[in-house]
Amino acid sequence: MNATSDREFEALIERSSLGSLGARLLRARTAPHQARRVREQASVLRVLITGGDGYCGWPTSLYLSDRGHDVTILDDLSRRKVDIELGTSSLTPIRPIGERLEAWREVSGREIGFVNLNLATEYDRLVRVLQDLQPDAIVHFAAQRAAPYSMSSEHAKRYTVDNNVRATHNLLVALVDADIEAALVHLGTMGVYGYEWPTPIPEGYLPVKIETPDGEIAREVPHPANPGSVYHLTKTLDELMFAFYAKNDGLRITDLHQGIVWGTQTSQTGRDERLINRFDYDGDYGTVLNRFLMQAAIGHPLTVYGSGGQTRAFIHIRDTVRCIEIAITNPPRAGSKPLVLNQVTETHRIADLAKMIERLTGAEIANLPNPRREADENDLVVRNDQFLELGLDPTKLSGELRDKDELLQEIVGIAQHYRDRADFTKIISRAVWRKGMETAEDLIIDGPDHPLK
């Protein structure tokens with residue numbers, strides 16, 4: 001790249017959604033020592049984490065606290081209430097939030113604050129919390145996060161939209177209302193892109209050329225949305241709200257389009273059983289690889305819906321928490337478009353994952369009717385350049401065989417340890433995308449008493 005194109009490219013980056021982060025990444029390409037400085041610039045921040053009691057929020061809260069940040073969790077504990085509604089629970093025992101926080105204080109010597117607040121309904125309290133805490137960064141996990149649950153009933157569809165969209169909008173309005181300049185990092189999903197895009201999926205924006213009476217002009221536009229469930233629909237609506245409030249009020253917003261998370265423990269949640277993370281295995285909330293590993297551990301066939309030709313993006317929970325810190329310490333500049341980062345590390349076909357677990361554990365594979373309306377097969381290529389350039393060292397299933405097997409066996413070991421807590425009637429996914437779609441019967445009613453092969 002010559003000096004002229006360097007200047008032109010840097011000017012383009014400064015005008016684009018990447019803002020100051022993009023400029024730093026550009027300079028990092030030609031100055032490795034500057035790239036190291038970018039990665040090492042993490043400072044101690046006051047961080048408010050909405051949804052900090054959940055599967056991703058809890059380990060993130062502990063990780064950021066362990067890294068020296070001043071963390072407060074804001075959560076209405078609704079994920080625990082959904083367990084009661086569905087008659088299920090995490091395979092791992094989740095202690096009351098007060099006990100969790102006290103256990104963290106005991107093992108780490110650090111305090112994490114907690115505010116019990118419903119973002120969707122308690123706007124005035126939210127404003128007061130922001131004014132009192134004056135956070136430097138906000139990590140927004142709070143949402144009903146399960147696509148199957150969001151399609152399971154009219155109530156679930158309405159609740160998902162009412163809860164997720166109102167919560168996000170209240171948070172954006174409150175930041176403006178309280179005059180808080182915190183960087184906002186939102187946990188979105190790869191599902192907003194859909195799974196029918198023919199080329200590598202970029203990070204949020206597409207360069208396009210538009211024909212006008214005065215000739216062709218180049219623009220950068222948001223990637224077309226193609227949600228596949230009501231849950232994914234709420235995340236596409238979030239994107240529109242972020243674009244407006246970044247433009248109108250100068251909010252600094254980062255939207256993380258995350259893949260399917262696998263794994264359970266981080267180094268922080270593993271310090272004490274009272275800190276253990278959620279392990280959802282049911283047909284509504286369980287993520288696919290964790291479900292497979294749990295099923296193998298308890299002697300249940302691996303539930304592959306459809307052919308298994310669906311390709312999806314994945315990320316380990318340990319990488320999720322690292323990505324969050326990278327995002328909060330590298331926000332976009334005020335006045336720029338929302339920064340979009342694809343928070344994924346690899347892609348796999350579901351059938352290939354099932355065969356991997358079959359080889360590792362000897363489990364059987366069961367192909368079942370697919371309750372979703374989706375393509376039976378798809379390809380998926382995703383760009384994740386920005387996290388890699390900012391120093392993420394991914395944990396991959398496609399990595400060294402020994403490391404991969406150790407991670408998988410760790411999850412199997414947790415599942416075996418808590419196998420007596422499993423309810424075999426909750427394993428099959430029966431939330432259909434349209435009424436009348438076929439679903440499978442339970443494959444096993446009572447847990448067989450035999451060890452993993």
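Taking the criterion of being buried (at least 16 other Cβ atoms within 10 Å of the Cβ) and touching a strand residue (DSSP E or B) at 6+ places or on another chain (Cβ under 7 Å), would at least one residue in segment 411-426 satisfy it?
Within segment 411-426, not a single residue is buried (at least 16 other Cβ atoms within 10 Å of the Cβ) and touching a strand residue (DSSP E or B) at 6+ places or on another chain (Cβ under 7 Å).
Considering segment 229-259 alone, what residues qualify as being touching a Gly at 6+ places or on another chain (Cβ under 9 Å) and either in a strand (DSSP E or B) or modelled with pLDDT under 95 (or both)?
Residues satisfying the conditions are D255, L256, H257, Q258.
Can you tell me which condition V340 does not meet? The list is (1) in contact with a strand residue (DSSP E or B) (Cβ under 7 Å, 6 or more places away or on another chain); (2) within 21 Å of P148 (Cα to Cα), and all the others hold.
V340 satisfies every listed condition except (2).
For segment 173-196, indicate whether the set of residues that are crowded, with 18+ Cβ neighbours inside 10 Å and free of Cβ contacts under 8 Å to residues at least 40 places away in the same chain is non-empty.
Within segment 173-196, one or more residues are crowded, with 18+ Cβ neighbours inside 10 Å and free of Cβ contacts under 8 Å to residues at least 40 places away in the same chain.
Conditions first: (1) touching a residue at least 24 places away in the same chain (Cβ under 8 Å); (2) surrounded by 15 or more Cβ atoms within 10 Å (Cβ to Cβ); (3) out of contact with any His (no Cβ under 8 Å at 6 or more places or on another chain). D385 passes all but one, so which condition is the exception?
(2)
Consider segment 335-355. How many of its residues are surrounded by fewer than 24 Cβ atoms within 10 Å (Cβ to Cβ) and modelled with pLDDT of 95 or more? Before you say what the answer is, go through the steps one by one.
We begin by selecting, within segment 335-355, every residue surrounded by fewer than 24 Cβ atoms within 10 Å (Cβ to Cβ); these are 335-337, 346-353, 355.
Checking the rest, the ones that are also modelled with pLDDT of 95 or more come to 336-337, 346-353, 355.
Looking only at that region, the number is 11.
Could you check segment 87-101 and list, in sequence order, the residues that are surrounded by 15 or more Cβ atoms within 10 Å (Cβ to Cβ) and in contact (Cβ under 8 Å) with a residue 40 or more places away in the chain? Quick ask: steps written out before the conclusion?
Let us first name the residues in segment 87-101 that are surrounded by 15 or more Cβ atoms within 10 Å (Cβ to Cβ), namely 88-92, 94-95, 97, 100-101.
Across segment 87-101, the qualifying residues are T88, S89, S90, L91, T92, I94, R95, I97, R100.
With the checklist (1) touching a strand residue (DSSP E or B) at 6+ places or on another chain (Cβ under 9 Å); (2) surrounded by 18 or more Cβ atoms within 10 Å (Cβ to Cβ) in hand, flag the one item V221 doesn't pass.
Of the numbered conditions (1) touching a strand residue (DSSP E or B) at 6+ places or on another chain (Cβ under 9 Å); (2) surrounded by 18 or more Cβ atoms within 10 Å (Cβ to Cβ), the odd one out for V221 is (2).
How many residues does segment 260-275 contain that are in a helix (DSSP H, G or I) and either closer than 28 Å to P332 by Cβ or of a type outside the set (S, T, N, Q) (or both)? Break it down into steps so the answer makes sense when it comes.
Kept after step one, since they are in a helix (DSSP H, G or I), are these residues of segment 260-275: 269-271, 273-275.
Remaining after also requiring either closer than 28 Å to P332 by Cβ or of a type outside the set (S, T, N, Q) (or both): 270-271, 273-275.
Total satisfying the criteria: 5.
Can you find a residue in segment 67-80 that is of a type in the set (S, T, Y) and farther than 20 Å from L119 by Cβ?
Applying the first criterion (of a type in the set (S, T, Y)) to segment 67-80 yields 72, 78.
Still in the running and farther than 20 Å from L119 by Cβ: none.
No, segment 67-80 has no match at all.
Quick one: is R373 over 30 Å from V139 (Cβ atoms), at pLDDT 95 or above and basic (K, R)? Please lay out each step first, then the result.
Details: over 30 Å from V139 (Cβ atoms): yes; at pLDDT 95 or above: yes; basic (K, R): yes.
Taking the combined requirement at face value, the residue satisfies it.
If you scan segment 130-182, which residues turn out to be of a type in the set (K, R), more than 16 Å from the chain's Cα centre (by Cα) and closer than 17 Å to D284 by Cα?
Here is the first cut: in segment 130-182, the residues of a type in the set (K, R) are 145, 157-158, 166.
Keeping just the survivors that are more than 16 Å from the chain's Cα centre (by Cα) gives 157-158, 166.
Matches in segment 130-182: K157, R158.
Rundown of residues vs (1) in the same structural domain as P135 (by TED's automatic domain parsing); (2) crowded, with 18+ Cβ neighbours inside 10 Å; (3) over 27 Å from A137 (Cβ atoms); (4) of a type outside the set (A, V, I, L, M, F, W, C), yes/no style:
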position	(1), (2), (3), (4)
Y231	yes, yes, no, yes
E239	yes, yes, no, yes
A246	yes, yes, no, no
T266	yes, yes, no, yes
E273	yes, no, yes, yes
R278	yes, yes, no, yes
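Return only the number of the condition from (1) within 22 Å of R80 (Cβ to Cβ); (2) buried (at least 23 other Cβ atoms within 10 Å of the Cβ) that H155 does not satisfy.
Evaluating H155 over (1) within 22 Å of R80 (Cβ to Cβ); (2) buried (at least 23 other Cβ atoms within 10 Å of the Cβ) leaves (2) as the failure.
Is it true that some residue in segment 126-139 is surrounded by 16 or more Cβ atoms within 10 Å (Cβ to Cβ), farther than 30 Å from E346 by Cβ and among the small types (G, A, S)? First the steps, then the outcome.
Here is the first cut: in segment 126-139, the ones surrounded by 16 or more Cβ atoms within 10 Å (Cβ to Cβ) are 126-127, 129-130, 133, 135-139.
Among the residues that remain, those that are also farther than 30 Å from E346 by Cβ are: 126-127, 129-130, 133, 135-136.
Now drop any that are not among the small types (G, A, S), which leaves none.
So far as segment 126-139 goes, no, none of its residues is surrounded by 16 or more Cβ atoms within 10 Å (Cβ to Cβ), farther than 30 Å from E346 by Cβ and among the small types (G, A, S).
All but one of (1) under 28 Å from P227 (Cα atoms); (2) of a type in the set (D, E); (3) exposed (fewer than 15 other Cβ atoms within 10 Å of the Cβ) hold for E374, so report the exception by its number.
Result: E374 passes all but (3).
Please enumerate the residues belonging to segment 197-218 that are surrounded by 20 or more Cβ atoms within 10 Å (Cβ to Cβ) and either more than 24 Å from the chain's Cα centre (by Cα) or not in a strand (DSSP E or B) (or both).
Step one: filter segment 197-218 for residues surrounded by 20 or more Cβ atoms within 10 Å (Cβ to Cβ), giving 201, 203-204.
E203, G204, listed by residue number.
I'm trying to understand the selection: among the residues of segment 280-301, which are surrounded by fewer than 24 Cβ atoms within 10 Å (Cβ to Cβ) and among the polar types (S, T, N, Q)?
Selection gives T287 alone.
Let's see how each residue does on (1) over 30 Å from the mean Cα position of the chain (by Cα); (2) in a loop (DSSP other than H, G, I, E, B); (3) at pLDDT 95 or above; (4) of a type outside the set (D, E):
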{"residue": "D405", "(1), (2), (3), (4)": "no, no, no, no"}
{"residue": "L408", "(1), (2), (3), (4)": "no, no, no, yes"}
{"residue": "T425", "(1), (2), (3), (4)": "no, no, yes, yes"}
{"residue": "R430", "(1), (2), (3), (4)": "no, yes, yes, yes"}
{"residue": "M437", "(1), (2), (3), (4)": "no, yes, yes, yes"}
{"residue": "D446", "(1), (2), (3), (4)": "yes, yes, no, no"}
{"residue": "K453", "(1), (2), (3), (4)": "yes, yes, no, yes"}
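Restricting attention to segment 348-373, which residues are in contact (Cβ under 8 Å) with a residue 60 or more places away in the chain and under 14 Å from K396 (Cα atoms)?
Residue satisfying the conditions is L353 alone.
The values are calculated or read from the model by the stated rules, or taken from the named source; none is laboratory data. Keep in mind that this is a model prediction, so the values were computed, not measured. Positions of Cβ are generated from backbone atoms using ideal geometry, with glycine treated the same way; all protein chains shown enter the neighbour counts.
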